[in-house]
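Peer 1: One structure coming up, written as structure tokens, with questions to follow.
Rule-based calculations on the coordinates, nothing more; no lab input. Everything quoted here is computed from the prediction, not taken from an experiment. For neighbour counting, all protein chains shown are included, and Cβ atoms are generated from backbone atoms with ideal geometry for every residue, glycine included.
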Number of protein chains: 2
Amino acid sequence: MDIQSLVKELKTANDAKIVFYVADGLGGLPVEPGGPTELEAAKTPNLDALAKQGVLGLMDMIAPGITPGSGPGHLGLFGYDPVKHLIGRGALEATGVGFKLGRKDVAIRCNFCTLDPQGNIADRRAGRIPTDESAPLAIKLRQVKIPGVEIFVEPVREHRFCVVFRGEGLGGNVADTDPQKTGVPPLDPVPHDPESRRTAEIAKQFFTQALKILADQPKANGLTMRGFACAPHVPSYEEVYGLKPAAIAVYPMYKGLAQLVGMEIVGSPATLAEEIDVLEKAWNDYDFFFVHFKYTDSRGEDGNFPEKVKMVEQFDAQVPRIVKLGPKVLVVTGDHSTPARLKSHSWHPVPVLLSSDTCRPDGCQKFGEREALAGGLGHFPAVCLMPLAMAHAEKLEKFGA
Amino acid sequence: MDIQSLVKELKTANDAKIVFYVADGLGGLPVEPGGPTELEAAKTPNLDALAKQGVLGLMDMIAPGITPGSGPGHLGLFGYDPVKHLIGRGALEATGVGFKLGRKDVAIRCNFCTLDPQGNIADRRAGRIPTDESAPLAIKLRQVKIPGVEIFVEPVREHRFCVVFRGEGLGGNVADTDPQKTGVPPLDPVPHDPESRRTAEIAKQFFTQALKILADQPKANGLTMRGFACAPHVPSYEEVYGLKPAAIAVYPMYKGLAQLVGMEIVGSPATLAEEIDVLEKAWNDYDFFFVHFKYTDSRGEDGNFPEKVKMVEQFDAQVPRIVKLGPKVLVVTGDHSTPARLKSHSWHPVPVLLSSDTCRPDGCQKFGEREALAGGLGHFPAVCLMPLAMAHAEKLEKFGA
């Protein structure tokens, strides 16, 4: 039995509130040998105060050495085995534009392409058509009608858009139609299992109708389809933890990931301060809050160490407002590391701070990666974080007599 | 393959002796933020001397955040996966009164109740009948005879007693007969699988005969049956580790748990000093000793921090007598945490001290939770403790060539 199943069995309800305050890509690296990481370089008086009372640790999101994408990183953070519950490319793309994927949905990443008069691909990305030209075309494709299936088309960016088929018996195991070269026509959608035959048939009809709609376009007169995927079928936060969870985020991707595990998306904040406004207003209506801050990751991806440090400081500055609400358990962490030095997600373990009145003190004096090495939580897999939060919230019964 | 199976394969015999010196509920919490835990507050010169030579660590009995009952806590300590090998309620109750459960046994927790003239339950606990009245009644029920099955009836306390059926093909999956309300008769025992049909049939006959025996009782003229359970079928210490193990404990529950894994119960000590007397006398006859001290847990459950500290000091005082016997490996730990502040078992990891001449020193200077954070054993699952003890006792062969 995995730990999530155990937690599901042992969960018990009380009024205690849990907050996950998540700085995307929080973990970092020094720019110079022996120097501080972004988190260590930042002035974080509020997080340091929490670290003194609470308990620190380091978390592997998936396993040592494995760099998580945003999908697996968040699934791990939420307590779901990210290897068992894979989020397919199409599902992540749809989720990323804020589409609420349901259990009867198959999502597909699509590219506009340019077809020559023979129907062969002349440009696989339709000349990198700009978003303001491609978005109206994607919306035009909503005219496609296929009996027995509901179709959603969402613009993404440049040549990219996203299609969702909703209906009974639609498997997600269909081969890409992008031949990955020019001078040949798009491939037929080929089903890889019997459950996906109908999906492939619908995809073929979609393609045929779309070509008619796009026929007079100079650049985007064709399309390819990739990453067919159903939504991962995970039990909801309510089922597993008995929690009523709210997600507060600026970016659609994170709202989408939270919604996959049954969190309710609250408010439409545009800044971190507004996210905390939303948290304050929603405080009495939920018992779990996921608050997501994007810009630590963004500046890490940019390779901008000093700006990532500033983002950590902005993140720190809002901590007192959260503490004032009186959560029983406040967890501060990330969904993966994004060291500015690497300009990308990395496999380095993610620092965690857990603050609660039931913490056993560990002597840590501030929040940072080195300090967390001697933290009371030790070095642990991300799927154990929710069980720990549930325990400190006193929402878990004893196992066995 | 799990680690226990690996150990089973690699085990090898020698004369080295291993002692597990276990203070129940040893792990604790400070009463004031930043203060010492019970173990840290106690003066433990003998354990501190061991800590300097040995190696410390912290142990999750089941998984991070999961609070263990005494059954799972001890199974984990003994190296058995406590989630895989669940000890049912009835089996634990029988074990708790010192009954030696065998492989053909089904154990049942029973309550005396009061039935009205129509056979409906008037009082589910027979007016909380005192033990000195209920115990003779339980013993009287030993008159029940059912062909093909051996029956044991053991008094417990107040309205509670315990019944064990011993025979071939007795499953443990039978529904409780306690309707959880008054004004209705006890329920029939309903089997939940084909293997438990015979058990249910025997339970029904037991009920019928018992009613006749109890007919003239003013309070305890009926009974209900709950928590039907077979003993967990675990391989013995001898099979897994090749050890000849002795258990030394004051309380029946812990003798019972030790007996479930095939330990021999030695002596009938009433105090910790007497337990060590037993250890000294039995030294030449066994190669593994489990010595259990109860009162650290008791005072923790009472919420009495200073008294738990005193119990730790009493526990420490006997250490030199154990050391003098010259065990190759001495492990000092608990089966779970029982912080006085929480007045209950908790999920906090349990401090471990392993002393042996093959320890790699870790710089720890005394035995305590904070010190153990930097210990050489790290933070590890309880099922790894026996493999570590076996290794330091040089009782494990190399794996692979």
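Peer 1: Identify which of B:ALA200, B:ALA270, B:ALA94 has the largest mean-square fluctuation in a Gaussian network model of chain B, with springs joining Cα atoms closer than 10 Å.
Peer 2: Among B:ALA200, B:ALA270, B:ALA94, the largest GNM mean-square fluctuation belongs to B:ALA270.
Peer 1: Shifting gears a bit: Calculate the dipole size of the protein assembly as shown relative to its Cα centre from +1 charges on Lys and Arg beta carbons and -1 charges on Asp and Glu beta carbons; express the result in debye to the nearest 20. Let's see the in-between values first.
Peer 2: Numbers: 88 positive and 98 negative charges, 222 e Å.
Charge dipole, the protein assembly as shown, about its Cα centre: 1060 debye, nearest 20.
Peer 1: Moving on. How large is the charge dipole for the stretch B:91-230, taken about the Cα centre, if only the Cβ atoms of Lys, Arg (+1) and Asp, Glu (-1) carry charge, to the nearest 20 debye? Write down the numbers at each step before the final one.
Peer 2: Details: 20 positive and 17 negative charges, 34 e Å.
With only Lys, Arg, Asp and Glu charged at Cβ, the dipole is about 160 debye.
Peer 1: Name the most mobile residue of A:PRO136, A:PRO117, A:PRO339, meaning the one with the largest mean-square fluctuation, in a Gaussian network model of chain A with Cα contacts below 10 Å.
Peer 2: A:PRO117
Peer 1: Put a point 7 Å out from Cα along the line to Cβ at B:PRO320; what are the distances to that point in the other copies, in nm, shortest first?
Peer 2: 5.5
Peer 1: What's the angle, to the nearest 10 degrees (0 to 90), between helix B:131-140's Cα axis and the longest principal axis of chain B?
Peer 2: Orientation of helix B:131-140: about 70 degrees from the principal axis.
Peer 1: Another question about this same structure. Amide H of A:LEU29: which non-local residues (sequence gap of 5 or more, or other chain) have their own amide H closer than 5 Å, using H built in the peptide plane?
Peer 2: Correct list: A:GLU38, A:ALA340, A:ARG341.
Peer 1: Expressed as a rounded percentage, what relative contact order does the stretch A:91-230 have, with Cα pairs under 8 Å and six or more residues apart? Show your work: numbers first, answer last.
Peer 2: Numbers: 318 pairs, mean separation 45.9, N = 140.
The normalised contact order for the stretch A:91-230 reaches 33 percent.
Peer 1: Put the label 7 Å from Cα along Cα→Cβ for B:TRP283; what are its distances to the other copies, in nanometres, shortest first?
Peer 2: 6.4
Peer 1: Principal axis extents for the stretch B:249-381, Cα atoms only, whole Å, descending order, please.
Peer 2: 38, 37, 28
Peer 1: Restricting to the protein assembly as shown, compute how many DSSP beta bridges are antiparallel as a %, nearest 5.
Peer 2: Numbers: 74 of 119 bridges.
For the protein assembly as shown, the DSSP antiparallel bridge percentage is about 60.
Peer 1: Using a label point 7 angstrom from Cα along Cα-to-C-beta, what distances in nm, from shortest up, separate B:GLN180 from the other copies?
Peer 2: In ascending order, 5.8 nm.
Peer 1: Now a separate question. In percent, how large is the relative contact order of the stretch A:31-108, given Cα pairs closer than 8 Å and 6 or more residues apart?
Peer 2: Working: 38 pairs, mean separation 12.8, N = 78.
Once normalised by length, the contact order is 16 percent.
Peer 1: May I pose another question? Take every Cα pair under 8 Å in the stretch A:36-163 that's 6+ residues apart, average their separations, divide by the length, and report that relative contact order as a whole percent.
Peer 2: Contact order relative to length: 18 percent.
Peer 1: Select the chain A residue whose beta carbon lies nearest to the rotation axis carrying chain A onto chain B, and write the distance in whole Å.
Peer 2: Taking Cβ atoms only, the nearest residue and its distance are A:ALA374, 3.
Peer 1: Expressed as an acute angle from 0 to 90° and rounded to the nearest 10, what is the orientation of the C-alpha long axis of helix A:305-317 relative to the principal long axis of chain A?
Peer 2: It works out to around 60 degrees.
Peer 1: Here's something else I'd like to know. So how many Å³ per residue does the convex hull of the Cα atoms of the stretch A:91-230 work out to?
Peer 2: Numbers: hull volume 12.9 nm³, N = 140.
In the stretch A:91-230, the Cα convex hull volume per residue is 92 Å³.
Peer 1: Which of B:ALA247, B:ALA210, B:ALA340 moves the most in a Gaussian network model of chain B with Cα springs under 10 Å?
Peer 2: B:ALA210
Peer 1: Further, regarding this structure: Taking the alpha-carbon distance from A:LYS11 and a cut-off under 27 Å, which lysines remain once sequence neighbours fewer than 8 residues away in the same chain are dropped?
Peer 2: A:LYS84, A:LYS244, A:LYS255, A:LYS281, A:LYS324, A:LYS328, A:LYS395, A:LYS398, B:LYS84, B:LYS181, B:LYS343
Peer 1: Can you give the longest stretch of chain B with no exposed loop site, where a site means GluC sites (Glu not before Pro) in a DSSP loop (not H, G, I, E or B) with at most 11 other C-beta atoms within 10 Å? Kindly include the intermediate steps, with their values, before the conclusion.
Peer 2: Values: sites that count: B:GLU168, B:GLU397.
Answer - B:169-396.
Peer 1: Just how large is the dipole of chain A about the Cα centre, in debye to the nearest 20, putting +1 at every Lys and Arg Cβ and -1 at every Asp and Glu Cβ? Don't skip to the answer; put the middle values down first.
Peer 2: Values: 44 positive and 49 negative charges, 139 e Å.
Roughly 660 debye, rounded to the nearest 20.
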